[in-house]
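Let me begin by presenting the structure, written as structure tokens, before commenting on it.
The values are calculated or read from the model by the stated rules, or taken from the named source; none is laboratory data. For clarity, every value in this text was computed on a predicted model and none was experimentally measured. All Cβ positions, even for glycine, are placed from backbone atoms using ideal geometry, and neighbour counts span all protein chains on display.
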């Protein structure tokens with residue numbers, strides 16, 4: 001196939017070989033679009049605008065894109081095979097993202113089927129990010145997957161630590177990256193990741209805050225709590241964390257320490273399994289929020305978890321008269337791990 005020309009934002013032109021997806025082709029040129037599903041058109045994170053070229057919409061794009069996006073020539077980069085010249089638009093912030101080489105220096109089991117990974121930076125040596133953002137980790141080929149894949153993981157560590165990041169991985173049956181992290185990764189192994197990505201972040205208002213999360217949705221919330229501590233925040237904040245069993249609670253001791261360090265912070269773990277021995281709140285996490293949160297309309301809400309949990313939480317918050325512009329969330333793609 002002859003070389004192909006890709007024009008980016010009517011400013012930069014690159015010459016590439018055709019035949020690969022646009023997502024992979026751009027990554028080969030060190031332009032890293034977000035993705036969490038391994039290029040299967042499921043997560044929808046690799047959206048960009050195609051001004052010319054690109055061919056017809058795939059079935060995955062027909063399902064994932066909204067009607068107004070289709071009319072505006074929004075496409076999924078993972079679904080476009082580079083076979084001819086393209087003129088594309090990419091948000092400028094994505095053109096400055098970096099690729100990082102790192103070494104795994106610590107692996108800790110922090111709850112049932114949940115593992116914390118510490119990745120010490122090798123090149124470059126430091127990283128800056130906004131609490132709430134995520135990175136895309138390149139998972140090497142292994143028995144589970146003969147080809148390397150990339151998966152999205154939220155940063156959970158203290159943003160004041162610039163020389164390493166911490167991530168949490170939840171074991172997912174059949175998951176490529178979680179299988180690698182639980183069965184293959186060893187301390188001392190080297191990995192690569194790109195980023196940081198995402199617009200999930202704390203506002204700079206002084207409104208009270210309600211955090212709602214479940215499972216590995218704990219990761220960005222923990223990072224945000226470190227930030228609130230580091231900045232001496234006095235904002236009123238309550239954090240509802242939902243789990244099926246007590247053994248699935250992630251960092252309960254650390255959350256209690258945050259209650260000591262942050263004068264107006266309260267942690268409310270909620271256990272769903274009625275058979276569990278548990279003296280705290282029970283039921284669905286959204287039920288606890290509805291029972292507990294007073295003067296809810298004054299709050300800003302920060303949500304992270306499965307799409308089902310986030311959608312249920314949004315519904316509950318709207319019933320409590322919290323407006324859309326005060327609800328911020330990050331949905332964890334089911335296929336992201």
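Among the residues of the stretch 298-311, just one is touching a strand residue (DSSP E or B) at 6+ places or on another chain (Cβ under 7 Å), modelled with pLDDT of 95 or more and part of a helix (DSSP H, G or I), namely 310. Considering only residues in the stretch 286-295 that are touching a helix residue (DSSP H, G or I) at 6+ places or on another chain (Cβ under 7 Å) and crowded, with 19+ Cβ neighbours inside 10 Å, the one that is nearest to residue 333 (Cα to Cα) turns out to be 286.
Cβ-Cβ distances below 9 Å connect the following pairs, each with a first residue in the stretch 268-294 that is touching a residue at least 40 places away in the same chain (Cβ under 8 Å) and in the same structural domain as residue 240 (by TED's automatic domain parsing), a second residue that is in a strand (DSSP E or B) and loosely packed, with under 15 Cβ neighbours inside 10 Å, and a separation of six or more residues or different chains: 288/282.
Checking the structure you have, find out if any residue of the stretch 312-331 is part of a helix (DSSP H, G or I), modelled with pLDDT under 95, buried (at least 18 other Cβ atoms within 10 Å of the Cβ) and in the same structural domain as residue 219 (by TED's automatic domain parsing). Checked the stretch 312-331: no residue is part of a helix (DSSP H, G or I), modelled with pLDDT under 95, buried (at least 18 other Cβ atoms within 10 Å of the Cβ) and in the same structural domain as residue 219 (by TED's automatic domain parsing).
Would you point out which residue out of 232, 188 is surrounded by fewer than 21 Cβ atoms within 10 Å (Cβ to Cβ) and not assigned by TED's automatic domain parsing to the domain that holds residue 278? I'd like the intermediate steps shown before the answer.
Numbers: 232 fails: not assigned by TED's automatic domain parsing to the domain that holds residue 278.
Among 232, 188, only 188 is surrounded by fewer than 21 Cβ atoms within 10 Å (Cβ to Cβ) and not assigned by TED's automatic domain parsing to the domain that holds residue 278.
I'd like to know if the stretch 238-245 contains one or more residues that are assigned by TED's automatic domain parsing to the domain that holds residue 320 and in a loop (DSSP other than H, G, I, E, B). Quick ask: steps written out before the conclusion?
Of all residues in the stretch 238-245, those assigned by TED's automatic domain parsing to the domain that holds residue 320 come to 238-245.
With the extra rule that they be in a loop (DSSP other than H, G, I, E, B), the set shrinks to 244-245.
Checked the stretch 238-245: at least one residue is assigned by TED's automatic domain parsing to the domain that holds residue 320 and in a loop (DSSP other than H, G, I, E, B).
Residues of the stretch 193-210 that are crowded, with 19+ Cβ neighbours inside 10 Å and within 30 Å of residue 100 (Cα to Cα): 193, 194, 195, 196, 197, 198, 200, 202. Within the stretch 201-237, being closer than 16 Å to residue 264 by Cβ, under 18 Å from the mean Cα position of the chain (by Cα) and part of a strand (DSSP E or B) holds for one residue alone: 211. Taken together, the criteria place residue 259 among residues that are without any contact (Cβ under 8 Å) to a residue 60 or more places away in the chain and assigned to a helix (DSSP H, G or I).
Set side by side, the residues 49, 70, 30 differ, and just one is loosely packed, with under 13 Cβ neighbours inside 10 Å and not assigned by TED's automatic domain parsing to the domain that holds residue 149, which is 30.
Pick out, from the stretch 1-76, the helices (runs of 4 or more DSSP H) lying fully within it that include 2 or more residues that are touching a helix residue (DSSP H, G or I) at 6+ places or on another chain (Cβ under 6 Å) and farther than 18 Å from residue 96 by Cα. Give the steps one after another, and end with the answer.
Values: elements: 22-28, 59-64, 67-71.
Output list reads 59-64.
Scanning the stretch 147-182 for residues that are part of a helix (DSSP H, G or I) and either in contact (Cβ under 8 Å) with a residue 60 or more places away in the chain or closer than 12 Å to residue 131 by Cα (or both) returns 176, 177, 178, 181, 182.
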